[in-house]
Ligand SMILES: [Zn+2]
């Protein structure tokens, strides 16, 4: 947020402010996913697993490389917080760099990138039934990588010591601990900033504050991914429900989320699992 200025604007302030921005990371040099090939591979695919994430809880699911998975809206509008790990837990989704590469909100054709040093696509988004939403008049859009995940620590700070145990951070921690037989502390250290599936968010123009509004998602909508490497996904059905009013409490109407996993008859034409990043890691030493 911006305070009332203490300092007078210099004479050339308007000139400085009127300079046009440049894109930090032009992605023209990134190899674009061959979406037509990915989508063609869905013909004749077989659904191999399906689960329902209960409201205010999280569940883990395995997706082998070369399979697809869908996160689906069922019963009512509901936001999901997604963590992605390599199956061996050595790689985790890197929300910040994904944002720098693809923008504040993800859709079809965008990738979910792993952190350093591998920095490679973990999953590619191949279908998004909310792609019609675009960017609304408030600057809001869906599937953001700008929020982090609702968590009990921030809630405690902002509510004078309140204790709430079903924030997405805690849900993800419990589900990861159960899936990999980790202690809660071990699992918590691996939980990371999420992809906010179906959540509608942005930054206010006047104060630059993070905002949310009622998700436009409806039962039947889905976001579809192709697993580039062997994945462990963990999905939390956020206690905020459609995130129209508040999270970190039991007051919002919450619904389950569906997860479906599909095995294609054959791999997308020309596809190979992405290699780890080729930087030599010498750091100039
Ligand atoms: Zn949440």
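If you check residue 214 against the conditions, is it within 15 Å of residue 53 (Cα to Cα) and within 16 Å of the ligand (Cβ to nearest atom)? Show your work before the answer.
Details: within 15 Å of residue 53 (Cα to Cα): no; within 16 Å of the ligand (Cβ to nearest atom): yes.
Against the criterion (within 15 Å of residue 53 (Cα to Cα) and within 16 Å of the ligand (Cβ to nearest atom)), residue 214 does not qualify.
Given the options 96, 140, 147, 115, name the one that is modelled with pLDDT under 95 and on the phi < 0 side of the Ramachandran plot. Walk me through how you get there before you give the answer.
Numbers: 96 fails: modelled with pLDDT under 95; 140 fails: modelled with pLDDT under 95; 115 fails: modelled with pLDDT under 95.
When all the criteria are applied, what remains is 147.
Please pick out the residue among 187, 179 that is part of a helix (DSSP H, G or I), touching a residue at least 40 places away in the same chain (Cβ under 8 Å) and either within 16 Å of the ligand (Cβ to nearest atom) or more than 15 Å from the chain's Cα centre (by Cα) (or both).
Just one listed residue meets the conditions, 179.
Return yes or no: is residue 37 out of contact with any helix residue (DSSP H, G or I) (no Cβ under 9 Å at 6 or more places or on another chain) and farther than 26 Å from residue 120 by Cα?
Judged against the criteria, residue 37 is not a match.
If you take the residues in the stretch 233-273 that are surrounded by fewer than 20 Cβ atoms within 10 Å (Cβ to Cβ) and under 17 Å from residue 112 (Cβ atoms), which one is farthest from the ligand (Cβ to nearest atom)?
Going through the qualifying residues, I end up with 271.
Report whether or not residue 242 is within 16 Å of the chain's Cα centre (by Cα), within 30 Å of residue 178 (Cβ to Cβ), assigned to a loop (DSSP other than H, G, I, E, B) and in contact (Cβ under 8 Å) with a residue 60 or more places away in the chain.
yes
Anything in the stretch 89-114 that is part of a loop (DSSP other than H, G, I, E, B), in contact (Cβ under 8 Å) with a residue 60 or more places away in the chain, more than 10 Å from the chain's Cα centre (by Cα) and within 19 Å of residue 233 (Cβ to Cβ)? List them, or say none.
89, 91, 108
Could we say that residue 107 is under 28 Å from residue 66 (Cβ atoms), more than 16 Å from the ligand (Cβ to nearest atom) and at pLDDT 95 or above here?
For residue 107, the condition - under 28 Å from residue 66 (Cβ atoms), more than 16 Å from the ligand (Cβ to nearest atom) and at pLDDT 95 or above - is met.
Residue 280 versus (1) at pLDDT 95 or above; (2) touching a helix residue (DSSP H, G or I) at 6+ places or on another chain (Cβ under 8 Å): which is the lone unmet condition?
(2)
Quick check: anything in the stretch 152-168 in a loop (DSSP other than H, G, I, E, B), surrounded by fewer than 18 Cβ atoms within 10 Å (Cβ to Cβ), on the phi > 0 side of the Ramachandran plot and more than 18 Å from the chain's Cα centre (by Cα)?
yes
The values are calculated or read from the model by the stated rules, or taken from the named source; none is laboratory data. Just so it is clear, the structure is predicted and the values come from calculations on it, not from any experiment. Cβ atoms come from the backbone with ideal geometry, glycine included; neighbour counts cover every protein chain shown.
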